[in-house]
Amino acid sequence: MQTSKDDDIMSETPSKQTTVLLVEDDNTLSGVLKYNLSKEGYSVLSAVDGSQALDVARSGKPDIILLDIMIPKLDGLEVCRILRKESTVPIIMITAKSAEVDRVVGLELGADDYITKPFGIHELFARIKAMLRRCQMAKTNTSANPQSSNEIRSGNLLIDISRRTMTVDSKQHNMTPKEFDLLAFLVQNCGCVFKREQLLDKVWGYGYAGNTRTVDVHVSWIRHKIEANPQHPCRLITIKGVGYKFEESEK
């Protein structure tokens, strides 16, 4: 991980109740990250392999997971796949690999973001805090309006903004925070075409270091949940050479 004497920890301090699960088998890197996370005010859980990561995630109920891909027993991709069936906890993948395919596979399995080694401490904390801020805003909105429901319906698709739930034919589907945010944004702006760069700005909402492939992956993931035939979508439409838009459906 790239560090320097000038790499001061960001001043915004999270709640002491905020728990991070760090899954990393490199003892040196794990020690550095645990020190910085603790100094920043986070409660830190740790795991050194995939099997342990699943146990700690299930028992510790972390608010966010930093998950290295190259870990023993079960790799990070398999851990992500399993966790995503059980939880919508935000997951940031950590990888030493530069190949785009590894990042794409992680996103396709349900990861919300990724960061590639070596990385600076500022970049890591920016990603963590942006992810947690979005989750906290959603919880706050729900708590402030426990009896109200900001619902959007399109055919058999129902999105409840305040409760952050999505159902198709009355069947609720689990969504990652970014999947929900992207779908909700497009549905709220039904018929409007957005470039991938615009969606990164509107949905990810910070200096995202990835590329527009991230949007494509999330769109593909959403289509498998809302489209009758994901290979021939009729709701989340690709506008060739431009980006995407959401279309109303009568079904």
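Bear in mind that the values in this text are calculations on the coordinates, not laboratory data. Computed from a prediction, not measured in an experiment: that's the story for all the values here. Glycine gets a Cβ as well: all are built from the backbone with ideal geometry, and neighbour counts include every protein chain shown.
For the pair residue 152 and residue 234, label points projected 7 Å from Cα toward Cβ lie 2.0 nm apart.
Suppose R0 equals 41 Å. What FRET efficiency, 1/(1 + (r/R0)^6) with r the Cβ-Cβ distance, do residue 193 and residue 58 give to the nearest 0.05?
Working: r = 41 Å, r/R0 = 1.01.
The computed FRET efficiency comes out at 0.50.
Count Lys and Arg as plus one, Asp and Glu as minus one, and take only other residues whose Cβ is under 12 Å from that of residue 194; the net charge is then +2. A simple count of charges around residue 26, restricted to other residues whose Cβ falls under 10 Å of its Cβ and scoring Lys, Arg +1 and Asp, Glu -1, yields -2. On full extension, the segment bounded by residue 174 and residue 25 gains 50.7 nm, given 0.36 nm per residue less the C-alpha separation. Taking every alpha-carbon pair within segment 147-246, the share separated by more than 24 Å comes to 17 percent. Once you order the gyration tensor axes a ≥ b ≥ c over the Cα atoms, which shape class does segment 19-139 get: rounded for a/c under 1.5, otherwise prolate or oblate by comparing a/b with b/c? Taking the square roots of the gyration eigenvalues as a ≥ b ≥ c, segment 19-139 is rounded. Summary value for segment 19-139: 21 percent relative contact order, contacts being C-alpha pairs under 8 angstrom separated by 6+ residues.
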